[in-house]
Amino acid sequence: MMRLLNICVIVALVLAAADVYKIKFESTRQAQRVAKLHMEIRREQDAIAALRAQWSKLDSPGRIQDLARRHLALRPVEARQYDRLDNLPERPPDLVPVEEADPIGMVIAHPEILHGSVTGSLGPAKR
């Protein structure tokens, strides 16, 4: 009887040791994964910093003004280029005349209009 109890205790200790080893192995693997993710995050942060520096260089007003001067045939605005508001063209007519009923407004005001209608790929409502 005592021998059976000793064997059971030894088996339990071996299983517990195996479980502890498995937990240690998993924690080591997770620590390596976390370290790898930290390294990737740092690399991405460095790339973002480099792109921001490049963007600030490309977006500088002096550089843009120099490019505009070299590649665009622009001249300074002259005072005679402005005109009075009276000389503006007439506003184009509205696309939907105001006198006609608004179809969307009708549906909102009277939702029973849509009752029983077929929409999309659905068939008529089954009752």
Cα long-axis angle, helix 61-71 against the chain (0 to 90 degrees, to the nearest 10): 50
Could you tell me how many degrees, from 0 to 90 and to the nearest 10, lie between the Cα long axis of helix 2-58 and the main elongation axis, the longest principal axis, of the Cα atoms of the chain? 20
DSSP-loop GluC sites (Glu not before Pro) across the stretch 1-102, with at most 13 other Cβ within 10 angstrom: GLU78, GLU90, GLU99, GLU100
Options (i) 2, 11, 23, 27, 22, 12, 3, 0; (ii) 2, 6, 5, 5, 5, 5, 5, 5, 5, 6, 9, 11, 8, 5, 4, 4, 3, 2, 2, 2, 1, 1, 0; (iii) 2, 11, 22, 24, 21, 14, 6, 1, 0 for P(r) over Cα pairs in 5 Å bins from 0, in percent; the value derived from the coordinates is listed as (ii)
Mean shadow area of the stretch 2-71 over all directions, Cα convex hull, nm²: 5.9
Could you give the size of the charge dipole of the stretch 2-71 about its Cα centre, using +1 on the Cβ of each K and R and -1 on the Cβ of each D and E, expressed in debye and rounded to the nearest 20? 180
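Values quoted throughout were computed directly from the atomic coordinates according to the rules given, and no laboratory measurement underlies them. Please read these numbers as outputs of a predicted model, since none were measured by experiment. Heads up, the Cβs are rebuilt from the backbone with ideal geometry, glycines too, and the neighbour counts pull from every protein chain shown.
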